[in-house]
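**Student:** Below you will find the structure I want to go over with you.
The values are calculated or read from the model by the stated rules, or taken from the named source; none is laboratory data. Everything numeric here is computed off the predicted structure, so don't read it as measured data. All Cβ positions, even for glycine, are placed from backbone atoms using ideal geometry, and neighbour counts span all protein chains on display. Side chains included, ligands, DNA and RNA excluded: accessible areas come from the protein's heavy atoms. Shrake-Rupley method; radii C 1.70, N 1.55, O 1.52, S 1.80 Å.
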Amino acid sequence: MNGQDNPTRIADDVVVSLDYTLTVENEVIDTSQGSEPIQFLQGYGNIIPGLERELYGMETGESKEVIVAAADGYGEIDPDAYSDIPRNEFPSQIPMQVGIELQIKDQSGDILDARIDAVTTDTVRLDFNHPLAGKQLVFAVQVVALRKPTTEELEHGHVHMPGHAH
Ligand code: ZN
């Protein structure tokens with residue numbers, strides 16, 4: 001085997017450049033069209049598990065549609081991930097409207113993304129679930145390029161993009 005050759009199929013420890021379009025309920029949520037393909041190191045959970053699993057064995061140039069169940073995507077909706085806040089404790093600068101997205105600092109100082117789920121006479125109900133929780137994800141993907149990782153990328157378990165030191 002020539003050590004300089006790029007891999008031809010997706011396997012663990014291969015850096016994948018992938019074009020993708022994510023559709024949820026017939027609506028395009030995210031796409032690499034018009035920008036660069038995503039790059040990631042296969043086998044390290046750097047992308048959604050249900051998608052990563054279906055990519056094994058794909059060749060450069062190959063296209064595929066991958067359907068990912070909610071459980072293998074952003075998870076099922078957690079019924080405990082809701083919180084009712086008294087209206088009078090709700091920040092006055094944020095509109096009290098269903099669907100408004102906001103960030104809340106929890107007791108340990110972490111910032112959490114939330115959406116207003118309901119507004120009642122006394123409370124504002126916040127939903128802390130990921131907006132794509134409970135949803136089936138449909139990915140249209142095409143393998144753009146495959147390469148071997150650098151030693152450092154392999155040690156870190158992720159791709160190093162130019163200008164991104166970590
Ligand atoms: Zn790193």
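**Student:** Testing residue 111 on (1) within 29 Å of residue 23 (Cα to Cα); (2) at pLDDT 95 or above; (3) more than 16 Å from the ligand (Cβ to nearest atom); (4) outside the structural domain of residue 11 (by TED's automatic domain parsing), one condition comes back false. Which one is that?
**Tutor:** (2)
**Student:** Any chance region 78-85 includes a residue that's under 25 Å from the mean Cα position of the chain (by Cα) and of a type in the set (Val, Ile, Thr)? Give the derivation first.
**Tutor:** Going through region 78-85, the residues under 25 Å from the mean Cα position of the chain (by Cα) turn out to be 78-83.
Checking the rest, the ones that are also of a type in the set (Val, Ile, Thr) come to none.
For region 78-85, residues under 25 Å from the mean Cα position of the chain (by Cα) and of a type in the set (Val, Ile, Thr): absent.
**Student:** Anything in region 116-154 that is away from the ligand (no atom under 16 Å from the Cβ), open to solvent by less than 50 Å² (accessible area, probe 1.4 Å) and of a type outside the set (A, V, I, L, M)? List them, or say none.
**Tutor:** Those that are away from the ligand (no atom under 16 Å from the Cβ), open to solvent by less than 50 Å² (accessible area, probe 1.4 Å) and of a type outside the set (A, V, I, L, M): 123, 127, 129, 134, 139.
**Student:** Give me a count of the residues in region 155-166 that are open to solvent by 90 Å² or more (accessible area, probe 1.4 Å) and at pLDDT 95 or above.
**Tutor:** 1
**Student:** Which ranges mark the strands (runs of 3 or more DSSP E) fully within region 1-96 that have 3 or more residues being open to solvent by less than 40 Å² (accessible area, probe 1.4 Å)?
**Tutor:** Values: elements: 15-24, 27-31, 38-41, 63-68, 82-86.
Counting at least 3 such residues, we get 15-24.
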